[in-house]
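Asks: Sharing a structure, written as structure tokens. Questions coming.
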Amino acid sequence: MRSVLLIFAKYPVKGNVKTRIASELGDDFAYNLSNFCISEVVEKIKGIEQDIYFVVDSEEEARLFKDKFGINSIILGVLSSLSEKFDFAFRETFSLGYDKVVLIPADIPFISSGHIEDAFEGLDFINYVFGPENNGGVYLMGMKNPYENIFEKVRWSTEHSFRDLLKNVEGKAEVLEFMDDLNTVSDVVRHSEILLNRDSEIFGFLRNIEVKNESS
């Protein structure tokens with residue numbers, strides 16, 4: 001069976017990424033964090049057996065990702081809602097002849113190649129696999145042919161996203177382990193032990209927080 005991993009991504013542009021974090025820590029830090037997350041994901045998936053595509057909004061983003069990582073993209077164009085974008089990404093990928101498709105976001109640095117392999121293996125036995133986030137979101141969505149649109153009426157970017165998806169498939173899905181995301185400053189601080197030695201900008205910020213906490 002032909003299988004493919006999709007990475008749902010936005011090419012980092014300073015001032016337009018990790019906006020909740022940027023509002024507290026500034027655009028430079030948010031930009032650096034976004035680059036860190038994408039690079040971590042790409043590094044972790046290098047050894048997987050499946051084909052890999054980015055899923056992006058524009059031809060320009062596709063070119064930038066190709067130049068940086070050597071990975072081709074599926075281009076969404078002017079679709080407005082996340083439900084429409086996910087529907088297009090899966091529908092388009094299945095039309096290319098793939099039998100199993102797994103999609104992850106580009107900003108989930110805690111995912112491993114093991115999670116991805118587990119998802120593809122799960123699709124040997126069931127039509128859907130989801131990876132839920134502790135905040136109610138979803139860090140992985142997998143399905144196999146024949147394709148059905150399961151994305152309607154999902155309240156994306158809320159605490160209801162995972163439950164809405166599960167409801168749309170009548171609970172008939174394999175559920176992977178719960179995982180955190182990096183969407184807020186508290187998320188970054190909570191995972192400081194993992195991040196401290198990965199990136200110089202993140203290291204400096206977290207050390208400053210520790211010093212302030214020790215002196216307060």
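So that you can scan it fast, the table gives a plain yes or no per residue for (1) over 15 Å from residue 103 (Cα atoms); (2) touching a residue at least 40 places away in the same chain (Cβ under 8 Å); (3) surrounded by fewer than 16 Cβ atoms within 10 Å (Cβ to Cβ):
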{"position": "1", "(1), (2), (3)": "yes, yes, yes"}
{"position": "13", "(1), (2), (3)": "yes, no, yes"}
{"position": "25", "(1), (2), (3)": "yes, yes, no"}
{"position": "55", "(1), (2), (3)": "no, yes, no"}
{"position": "64", "(1), (2), (3)": "yes, yes, no"}
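Asks: Looking at the stretch 169-193, which of its residues are out of contact with any Asp or Glu (no Cβ under 9 Å at 6 or more places or on another chain), assigned to a helix (DSSP H, G or I) and either surrounded by fewer than 17 Cβ atoms within 10 Å (Cβ to Cβ) or of a type in the set (Ser, Thr, Tyr) (or both)?
Replies: Across the stretch 169-193, the qualifying residues are 186, 189, 193.
Asks: Of the residues that make up the stretch 3-17, is at least one of a type in the set (S, T, N, Q), outside any loop (DSSP other than H, G, I, E, B), in contact with a Lys or Arg (Cβ under 8 Å, 6 or more places away or on another chain) and closer than 17 Å to residue 68 by Cα?
Replies: no
A quick yes/no check of all residues on (1) touching a Gly at 6+ places or on another chain (Cβ under 6 Å); (2) more than 27 Å from residue 30 (Cα to Cα); (3) free of Cβ contacts under 8 Å to residues at least 40 places away in the same chain:
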position	(1), (2), (3)
95	no, yes, yes
104	no, no, no
108	no, no, no
133	no, no, no
143	no, yes, no
185	no, no, no
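Yes/no per residue for (1) out of contact with any helix residue (DSSP H, G or I) (no Cβ under 8 Å at 6 or more places or on another chain); (2) at pLDDT 95 or above; (3) within 25 Å of residue 161 (Cβ to Cβ):
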residue	(1), (2), (3)
56	no, yes, yes
80	yes, no, yes
85	yes, yes, yes
101	no, yes, yes
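Asks: Which ranges mark the helices (runs of 4 or more DSSP H) fully within the stretch 25-144 that have 2 or more residues being within 14 Å of the chain's Cα centre (by Cα) and polar (S, T, N, Q)?
Replies: Output list reads 27-45.
Asks: Can I ask one more? Looking at the structure I just gave you, is residue 121 acidic (Asp, Glu) and either exposed (fewer than 15 other Cβ atoms within 10 Å of the Cβ) or free of Cβ contacts under 8 Å to residues at least 24 places away in the same chain (or both)?
Replies: Here the answer is yes, as residue 121 does meet what is asked.
Asks: With respect to residue 166, is the statement that it is farther than 23 Å from residue 2 by Cβ and either surrounded by 15 or more Cβ atoms within 10 Å (Cβ to Cβ) or at pLDDT 95 or above (or both) true?
Replies: The answer is yes for residue 166.
Asks: Any idea which of 95, 83, 73 is among the hydroxyl-bearing types (Ser, Thr, Tyr) and within 30 Å of residue 190 (Cβ to Cβ)?
Replies: 83
The values are calculated or read from the model by the stated rules, or taken from the named source; none is laboratory data. Every value quoted in this text rests on a predicted model; they were computed, and no experiment measured them. Glycine gets a Cβ as well: all are built from the backbone with ideal geometry, and neighbour counts include every protein chain shown.
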